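What follows is calculated from the coordinates using simple rules that are stated; it is not laboratory data. All values reported here derive from a predicted model rather than from experimental measurement. Cβ atoms come from the backbone with ideal geometry, glycine included; neighbour counts cover every protein chain shown.
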Amino acid sequence: MEKIPITPEGHKKLQGELDKLIKVKRPGNIQAIAEARAHGDISENAEYHAAKERQSFIEGRIRELQDKIARAEVIDPSKIKYDRAAFGAKVTVLDLETDDEQVFMLLGTDEADAVNGKISITSPVGRALIGKEVGDVAVIKAPARTIEYEITEITFG
């Protein structure tokens, strides 16, 4: 079973979503199915079919979250002391072509949020940065151009 790296915050978020699905959404949807069934003929009952579809989604998401939580390897970036880019690192880079500076936080796929600079360690940029140290240049081949990032700072926590 492959472990999935995740921060304590990410793990807490997944657990919170799972708890809400099990304790709130599932019982509410079961009630909606019962109410729709009470309306009579279910073969042409749109409410019933919509509730059954929601039930399928809820059950699938519960199984998915349970699997992710079971395979989670919780890593606290604040406890990492490492001079290379790794999971949990906040990496400051300089685009050598445009002189733009960016900060990327290297996280697992479930915590990635590119708009906020949180990228997956499995993304092209994440893979290019992993293992690099300050002063190294990471090369990313993008469709529009090849991007070269010089790593200017690496912090954890």
Original post:
Which distance in Å, rounded to a whole number, links the C-alpha centroids of region 26-45 and region 83-146?
Top reply: 49
Original post:
222 nm [θ] for the chain, helices only, -39500 (n - 2.57) per DSSP H run of 4+, per residue, to 500?
Top reply: -12000 deg cm²/dmol
Original post:
Label LYS12 and LYS141 with points 7 Å out from Cα along Cα→Cβ: what is the distance between them in nm?
Top reply: 4.1
Original post:
Using the Cα gyration tensor of region 77-156, with a ≥ b ≥ c the square roots of its eigenvalues, what is the shape: rounded (a/c below 1.5), prolate (a/b larger than b/c) or oblate (neither)?
Top reply: oblate
Original post:
When the chain is fully extended, how far beyond the present Cα-Cα distance does GLU97 get from ILE69, taking 0.36 nm per residue of separation?
Top reply: 6.0 nm
Original post:
Which of rounded, prolate, oblate describes region 1-105, given a ≥ b ≥ c as roots of the alpha-carbon gyration tensor eigenvalues and a/c under 1.5 marking rounded, otherwise prolate only if a/b is larger than b/c?
Top reply: prolate
**OP:** Determine, for THR122, THR7, the number of other Cβ atoms within 10 Å of each Cβ, and report the residues in order from fewest to most.
**Re:** THR122, THR7
**OP:** List the relative contact order of the chain as a percent without decimals, with contacts defined as Cα pairs under 8 Å and 6+ residues apart.
**Re:** 24
**OP:** Starting from the amide H of ARG84, placed 1.01 Å from N in the peptide plane, find each other amide H under 5 Å away whose residue is 5 or more places distant or on another chain.
**Re:** none
Subject >> aspartates and glutamates with Cα under 16 Å of LYS132, excluding same-chain neighbours fewer than 8 positions away >> reply: ASP83, ASP95, GLU148, GLU150, GLU153
